[in-house]
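Read through the structure below, which is laid out as structure tokens, and then see the notes.
The values are calculated or read from the model by the stated rules, or taken from the named source; none is laboratory data. Every value quoted in this text rests on a predicted model; they were computed, and no experiment measured them. Virtual Cβ from ideal backbone geometry, glycine too; neighbours counted across all protein chains shown. The protein model used for the area step is the full one, side chains on, heavy atoms only, and it has no ligands, DNA or RNA in it. Shrake-Rupley method; radii C 1.70, N 1.55, O 1.52, S 1.80 Å.
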Amino acid sequence: MIKVKTDPEERVSQGNIYRQVEYIESFSEDEGIITISKIIFPYIIVLTQDCDLSQDFKFRFDSSKTQDKLILSVLVAPLYQADLVYTGQHLEKLGKKMEPINKNRSPGHILVQNNNPRYHHLQFPEESSLVPSIIDFKHYFSLNVEYLLNIHKTNFVCKVSELYREDISQRFASFLSRIGLP
């Protein structure tokens, strides 16, 4: 079980979990009509390093400083409800068919133990109101910093404590740095 903090800081931080986050999947223009397709993720977790987020916040609102510390976007990943991942239904509303994972046997047991590099299982404390969740590192994306700052107060759920967020960060970096085989 991980530890979380429920009191929000003033800024966006690594390990923050937000609810109801909009992601622009695509947009198109046809004869002056713009069509936007967006996904609303029930929960996401911030993966960008906290030192970068701290520097961005410090320099973003101080006009006396240069703006070379600002970042354009923040890396995040959706949190999927674990029970839906096990049945392969976590992306059903998006029309995606996913492979079921048996929770009680391999590879499900491997997933719960965080022995599958693609996934990270999170068991939240009962008082957090979050159900057991899974991060699929293959589904990371970026969000505009301004957007996250705008929803920070209203959509903040909790923050994964430092020890656990560093574990997630290391596992994410390891997944990204893997050598892809055909």
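Residue pairs whose Cβ atoms lie under 9 Å apart, sitting 6 or more positions apart in sequence or on different chains, and linking a residue in the stretch 33-46 that is under 8 Å from Q20 (Cα atoms) to a partner that is of a type in the set (G, A, S) and open to solvent by less than 40 Å² (accessible area, probe 1.4 Å), are Y43/S133. Being touching a residue at least 40 places away in the same chain (Cβ under 8 Å), within 24 Å of Q14 (Cα to Cα), touching a strand residue (DSSP E or B) at 6+ places or on another chain (Cβ under 8 Å) and open to solvent by 60 Å² or more (accessible area, probe 1.4 Å) is a description that applies to Q81.
Among the residues of the stretch 24-78, those that are among the hydroxyl-bearing types (S, T, Y) and under 20 Å from I168 (Cβ atoms) comprise Y43, T48, S54, S73. Does the stretch 63-72 contain any residue that is β-branched (V, I, T), in contact (Cβ under 8 Å) with a residue 60 or more places away in the chain, over 23 Å from K138 (Cα atoms) and open to solvent by 80 Å² or more (accessible area, probe 1.4 Å)? Checked against the condition, which is being β-branched (V, I, T), in contact (Cβ under 8 Å) with a residue 60 or more places away in the chain, over 23 Å from K138 (Cα atoms) and open to solvent by 80 Å² or more (accessible area, probe 1.4 Å), the stretch 63-72 yields no hits at all.
Picking from residues in the stretch 5-29 that are open to solvent by 10 Å² or more (accessible area, probe 1.4 Å) and among the polar types (S, T, N, Q), the one that is farthest from K58 (Cα to Cα) is S28. Within the stretch 48-57, is even one residue in a loop (DSSP other than H, G, I, E, B), open to solvent by less than 50 Å² (accessible area, probe 1.4 Å) and modelled with pLDDT under 90? Among the residues of the stretch 48-57, not one is in a loop (DSSP other than H, G, I, E, B), open to solvent by less than 50 Å² (accessible area, probe 1.4 Å) and modelled with pLDDT under 90, which makes the answer no. Please determine, by comparing only the residues of the stretch 124-140 that are closer than 14 Å to L75 by Cα and not hydroxyl-bearing (S, T, Y), which one is most open to solvent (accessible area, probe 1.4 Å). Top of the filtered list is K138. So which residues in the stretch 109-123 are open to solvent by 60 Å² or more (accessible area, probe 1.4 Å) and in a loop (DSSP other than H, G, I, E, B), if there are any at all? Matches in the stretch 109-123: Q113, N115, P117, Q123.
Rundown of residues vs (1) open to solvent by 40 Å² or more (accessible area, probe 1.4 Å); (2) at pLDDT 95 or above; (3) outside any helix (DSSP H, G or I); (4) among the hydrophobic types (A, V, I, L, M, F, W, C), yes/no style:
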| residue | (1), (2), (3), (4) |
| --- | --- |
| V85 | no, no, no, yes |
| K97 | yes, no, yes, no |
| K103 | yes, no, yes, no |
| S142 | yes, yes, yes, no |
| Y147 | yes, yes, no, no |
| T154 | yes, yes, no, no |
| G180 | yes, no, yes, no |
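Being out of contact with any His (no Cβ under 7 Å at 6 or more places or on another chain), under 30 Å from F61 (Cα atoms) and outside any helix (DSSP H, G or I): is that true of K159 here? When the stated conditions are applied, K159 passes them.
Does the stretch 161-175 contain any residue that is more than 27 Å from S73 (Cβ to Cβ) and among the polar types (S, T, N, Q)?
Checked against the condition, which is being more than 27 Å from S73 (Cβ to Cβ) and among the polar types (S, T, N, Q), the stretch 161-175 yields no hits at all.
Please indicate, with yes or no, whether at least one residue in the stretch 37-45 is within 15 Å of Y147 (Cβ to Cβ), of a type in the set (K, R) and either open to solvent by 70 Å² or more (accessible area, probe 1.4 Å) or touching an Asp or Glu at 6+ places or on another chain (Cβ under 9 Å) (or both). Yes - at least one qualifying residue is present in the stretch 37-45.
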